[in-house]
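J.: This structure is in structure tokens; I'll ask about it shortly.
The values are calculated or read from the model by the stated rules, or taken from the named source; none is laboratory data. Quick caveat: nothing in here was measured; it's all calculated off a predicted structure. Neighbour counts are summed over all protein chains in view; Cβ atoms, including those assigned to glycine, are modelled from backbone coordinates with ideal geometry. Calculation scope for accessible area: heavy atoms of the full protein, side chains included, ligands and nucleic acids excluded. Shrake-Rupley method; radii C 1.70, N 1.55, O 1.52, S 1.80 Å.
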Amino acid sequence: MGYFYAGRKASNVISERLHKLLVNDYKAMPIVVQESASVYDAIVTLFLEDVGTLFIVNQKGYLAGVVSRKDLLRASLGNKTLEDMPVSIIMTRMPNIVTIFPEESLFAAAKKLIDFQIDSLPVVRAEEGDGRNFELLGRVTKTTIAKAFVELGQEPMV
Ligand code: ADP
């Protein structure tokens, strides 16, 4: 055992299969809020949309930052009024956002989540021009990876 058809090791087949999964086929909808929105609104959106991370966009709709649930918890600890605090002051902002392109592999996305110790990656396309503006196409989260993992495990054995 341990060998599949054509004498290839099972582990190689799994690895090959894994690297062929593309972000574009697994990405979920990005949940976004405007950078002018308040921390209060961001918290409400987090609950309504049932996500752990929000992507923040600027007036042109380009990716401006990321806010995680712990960012929001931290902001809530002080005595400040959350309605008056723009989410842009607490977000992790560009260019420090770790992103992924749709044509990259889901494996590359999973590796970034692990390497950078984050829960979510915005799936983006660079705008024509200087390439510093990113259009949001979706999200890949640890849940996305877990779902793909389960899907792979349910495939019939060759
Ligand atoms: P939590 O903070 O709820 O544990 P994360 O581990 O995803 O969630 O986030 C940790 C920190 O990294 C937060 O400050 C968050 O703003 C930031 N962060 C989350 N996702 C990204 C990303 N894709 N790129 C850069 N920073 C991120």
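J.: For region 62-76, does any single residue satisfy the condition of being open to solvent by 100 Å² or more (accessible area, probe 1.4 Å) and assigned to a loop (DSSP other than H, G, I, E, B)?
T.: No, every residue in region 62-76 fails to be open to solvent by 100 Å² or more (accessible area, probe 1.4 Å) and assigned to a loop (DSSP other than H, G, I, E, B).
J.: Filter region 92-125 for residues that are without any contact (Cβ under 8 Å) to a residue 12 or more places away in the chain and assigned to a helix (DSSP H, G or I); which is most open to solvent (accessible area, probe 1.4 Å)?
T.: Top of the filtered list is ILE114.
J.: Further question: Counting only residues that are away from the ligand (no atom under 15 Å from the Cβ) and outside any strand (DSSP E or B), how many does region 30-44 have?
T.: 5
J.: I've got another one for you. I'd like to know if region 138-145 contains one or more residues that are among the polar types (S, T, N, Q), part of a helix (DSSP H, G or I), surrounded by 14 or more Cβ atoms within 10 Å (Cβ to Cβ) and modelled with pLDDT of 95 or more.
T.: Scanning region 138-145, I find at least one residue that is among the polar types (S, T, N, Q), part of a helix (DSSP H, G or I), surrounded by 14 or more Cβ atoms within 10 Å (Cβ to Cβ) and modelled with pLDDT of 95 or more, so the answer is yes.
J.: Oh, and also: Can you find a residue in region 35-47 that is closer than 22 Å to ALA146 by Cα and of a type in the set (A, V, I, L, M, F, W, C)?
T.: yes
J.: State the number of residues belonging to region 126-136 that are open to solvent by 50 Å² or more (accessible area, probe 1.4 Å) and within 17 Å of VAL66 (Cβ to Cβ).
T.: The total comes to 3.
A quick yes/no check of all residues on (1) more than 13 Å from the ligand (Cβ to nearest atom); (2) over 27 Å from LEU21 (Cα atoms); (3) aromatic (Phe, Trp, Tyr):
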position	(1), (2), (3)
TYR62	yes, no, yes
ARG125	yes, no, no
LYS142	no, no, no
GLU151	yes, no, no
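J.: Which condition breaks for VAL67 when tested against (1) away from the ligand (no atom under 13 Å from the Cβ); (2) under 28 Å from PHE149 (Cα atoms); (3) free of Cβ contacts under 8 Å to residues at least 60 places away in the same chain?
T.: For VAL67, the exception is condition (1).
J.: Going through region 82-91 one residue at a time, which ones are touching a helix residue (DSSP H, G or I) at 6+ places or on another chain (Cβ under 8 Å) and either free of Cβ contacts under 8 Å to residues at least 40 places away in the same chain or open to solvent by 100 Å² or more (accessible area, probe 1.4 Å) (or both)?
T.: Once the filter is applied, which keeps residues that are touching a helix residue (DSSP H, G or I) at 6+ places or on another chain (Cβ under 8 Å) and either free of Cβ contacts under 8 Å to residues at least 40 places away in the same chain or open to solvent by 100 Å² or more (accessible area, probe 1.4 Å) (or both), region 82-91 yields only GLU83.
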